[in-house]
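Written out below as structure tokens is the structure these notes cover.
The values are calculated or read from the model by the stated rules, or taken from the named source; none is laboratory data. Just so it is clear, the structure is predicted and the values come from calculations on it, not from any experiment. Reconstructed Cβ throughout: ideal geometry from the backbone, glycine too, with neighbour counts over all protein chains shown. Just the protein is used for accessible areas: all its heavy atoms, side chains included, with ligands, DNA and RNA removed. Shrake-Rupley method; radii C 1.70, N 1.55, O 1.52, S 1.80 Å.
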Amino acid sequence: QVQLVELGGGLVQSGGSLRLSCVASGRISSINAMAWYRQAPGKQRELVASIRSGNRPTYVDSAKDRFTISRDNAEKTVYLQMNSLKPEDTVVYYCNADIKGLYSTVYDPYWGQGTQVNVSS
């Protein structure tokens, strides 16, 4: 069974930094794209940043120049370094990855449980 587990959320003051991490575990053959989404109450989940091996990361406009996504393929981990945090970044962040299981021939999307980030003004 494949799982994504996020770590690193919490409370930080405006202008501060947090680093989120997400580790994939289970019977995994390979991982394609990895990404971070966020969702505010009552709103749709939106893509924050995504990364594929060998490709440049992509970011939503509000995250450019402040957030950096990276991955460690050996550790099956994706990170989101968030700097210059603002109160409007206060939402739940979700990890997403397209993963091929050991006995699968296709990539399926998996989600983490979400981690809350709170930025105080």
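Which condition does Y103 not pass, out of (1) under 29 Å from D65 (Cβ atoms); (2) modelled with pLDDT under 95; (3) not charged (D, E, K, R), if it passes all the others?
Condition not satisfied by Y103: (1).
A quick yes/no check of all residues on (1) in a loop (DSSP other than H, G, I, E, B); (2) open to solvent by 60 Å² or more (accessible area, probe 1.4 Å):
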site	(1), (2)
R71	no, no
A74	yes, yes
L80	no, no
V92	no, no
N96	no, no
T105	yes, yes
Q116	no, yes
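List pairs: first residue in the range 57-83 and more than 19 Å from E46 (Cβ to Cβ), second residue open to solvent by 40 Å² or more (accessible area, probe 1.4 Å) and among the hydrophobic types (A, V, I, L, M, F, W, C) anywhere in the structure, Cβ distance under 8 angstrom, at least six positions apart or on different chains.
Pairs that qualify, where the first residue is more than 19 Å from E46 (Cβ to Cβ) and the partner is open to solvent by 40 Å² or more (accessible area, probe 1.4 Å) and among the hydrophobic types (A, V, I, L, M, F, W, C), are E75/V23; K76/V23; T77/V23.
Quick check on the range 1-20. Is at least one of its residues modelled with pLDDT under 95, in a loop (DSSP other than H, G, I, E, B) and over 23 Å from S121 (Cα atoms)?
yes
Can you tell me which residue among V12, V48 is under 13 Å from V117 (Cβ atoms), β-branched (V, I, T), open to solvent by less than 30 Å² (accessible area, probe 1.4 Å) and more than 15 Å from the chain's Cα centre (by Cα)?
Values: V48 fails: more than 15 Å from the chain's Cα centre (by Cα).
Testing whether each residue is under 13 Å from V117 (Cβ atoms), β-branched (V, I, T), open to solvent by less than 30 Å² (accessible area, probe 1.4 Å) and more than 15 Å from the chain's Cα centre (by Cα) leaves just V12.
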